[in-house]
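The structure under discussion appears below in the form of structure tokens.
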Amino acid sequence: MINLSHNQLEIRFPEVHKRAGVKIDFQRTLRVPDDSETHYLPPGLGRFPLRHIEDFDLKNKSHLKKRGGVIMPMFQADALWLNFTPLYEQGFDEEYPIAIKIGTGKICAISGDKWNSSLNRDPQDYITVPGQPWLDGYNADQNGTVRQFVAAPLGKGYTVEEQLTGSATVGGIQIQAFPMKVKTYRKLMKSRSFGAEVEACYSAAPRLEHKESFDMGLAPGGSIKQDIYEDEYSLEDWDLRNSHRCFVTLANATQWMDLTGEAPPLSPNTEYRYKQQGLPWFDYYDEDRDAINTAVKLGKVKSPKELGAAEKDPKWDEELVHHPNTGNSIIPQFLSKESKNKDKKKWW
């Protein structure tokens, strides 16, 4: 089952094991410069709001309710990263392993292949939790780096979906989770020694082909220092018969206000003001983990800057909408990237 609580997805597999599950939230963040430099991990500025899509009147897009899931607002050219948290149970320190696929439009963000509802190892098209605490972007740059997830309007050729498929028919983000087989987990536990209120629930999204979307997808942005780790287990260790999938529809600021009546979170500050506030960047020490190779297909995609977005649209970095009840100076709430391995994290 998939629960939505406090703007966080909680995916559980109680039919497999009471500890099988993961929490996922979508963090607002600064868009790193799209230049020749590789940047450290930017911090989170709080969770994007999530709402059940079936709760709203989508008018001529009502067919999107058939795929279920949630809806989330993003300003054009803003960035996000995904935060993964294993489920914890009182008295246990060992998390239940979960394999997670992430897609944008019809494209896998890890392998660059067309989206499918299974796990694959050649190339690996998923991440594992615990192990991968965050994902900041596409596996599209040189090994040890990713290209940041950046919101872009569909139909202008900027999104990864459009660059690799030639069409802008889906947009959004797809999340699919698979638990480890319970017999494998029990063997794993034998080899080791180890000592929130839910607001709403909805069923996993059906496996449908989508013909139309809201107007936002994800494009590759600047380069960030981050490894996508190799699965330390075998493909046979994962329970492919049990999975839950959720579709995250992206709405621009105007669409979000029209649907929900709520003002979306303000776009993060400029890099200049961000540095003025002294918010840290992060590095993550992980020499004990092996990283997977860069996806060949994703290595060919270009960022909106490389495609001339600013020249074609002078307001590429702006989205002119009325945002009530805001002052002239907005200092975002700082939320660091937490992990159990805090000794591996360095502030910059």
(request) Give the number of residues within region 13-63 that are under 30 Å from Tyr96 (Cβ atoms) and among the basic types (Lys, Arg). (result) 6
(message) Checking the structure you have, find out if any residue of region 115-133 is over 18 Å from Glu232 (Cβ atoms), touching a His at 6+ places or on another chain (Cβ under 7 Å) and not aromatic (Phe, Trp, Tyr).
(response) no
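Residues checked against (1) aliphatic (A, V, I, L, M); (2) in contact with a Ser or Thr (Cβ under 8 Å, 6 or more places away or on another chain); (3) surrounded by 23 or more Cβ atoms within 10 Å (Cβ to Cβ); (4) modelled with pLDDT of 95 or more:
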{"residue": "Tyr202", "(1), (2), (3), (4)": "no, no, no, no"}
{"residue": "Glu212", "(1), (2), (3), (4)": "no, yes, no, no"}
{"residue": "Pro220", "(1), (2), (3), (4)": "no, yes, yes, yes"}
{"residue": "Ser234", "(1), (2), (3), (4)": "no, no, no, yes"}
{"residue": "Arg245", "(1), (2), (3), (4)": "no, yes, no, yes"}
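Restricting attention to strands (runs of 3 or more DSSP E) lying wholly within region 1-92, give those where 2 or more residues are basic (Lys, Arg).
Values: elements: 2-5, 8-12, 21-29, 70-73, 79-86.
Because the criterion is at least 2 residues that are basic (Lys, Arg), the strands (runs of 3 or more DSSP E) in region 1-92 that meet it are 21-29.
So, in region 169-192, how many residues would count as being within 19 Å of the chain's Cα centre (by Cα), on the phi < 0 side of the Ramachandran plot and of a type in the set (Gly, Ala, Ser)? Before the answer, list the steps.
Narrowing region 169-192 to residues within 19 Å of the chain's Cα centre (by Cα): 170-179.
Narrowing further to those that are on the phi < 0 side of the Ramachandran plot: 170, 173-179.
Add one more test, that the residue is of a type in the set (Gly, Ala, Ser), and what stays is 177.
Summing the residues that are within 19 Å of the chain's Cα centre (by Cα), on the phi < 0 side of the Ramachandran plot and of a type in the set (Gly, Ala, Ser) in region 169-192 gives 1.
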(request) Being of a type in the set (S, T, N, Q) and in a loop (DSSP other than H, G, I, E, B) is the filter; apply it to region 145-196 and report the residue that is surrounded by the most Cβ atoms within 10 Å (Cβ to Cβ). (result) Thr159
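Return the residues of region 20-48 that are surrounded by fewer than 19 Cβ atoms within 10 Å (Cβ to Cβ) and in contact with a helix residue (DSSP H, G or I) (Cβ under 9 Å, 6 or more places away or on another chain); say none if nothing qualifies. First the steps, then the outcome.
Step one: list which residues in region 20-48 are surrounded by fewer than 19 Cβ atoms within 10 Å (Cβ to Cβ), which gives 33, 35-38, 40, 46-47.
Within region 20-48, Pro33 is the sole residue that qualifies.
The values are calculated or read from the model by the stated rules, or taken from the named source; none is laboratory data. Note that the structure is predicted; figures quoted are calculated from it, not measured. Glycine gets a Cβ as well: all are built from the backbone with ideal geometry, and neighbour counts include every protein chain shown.
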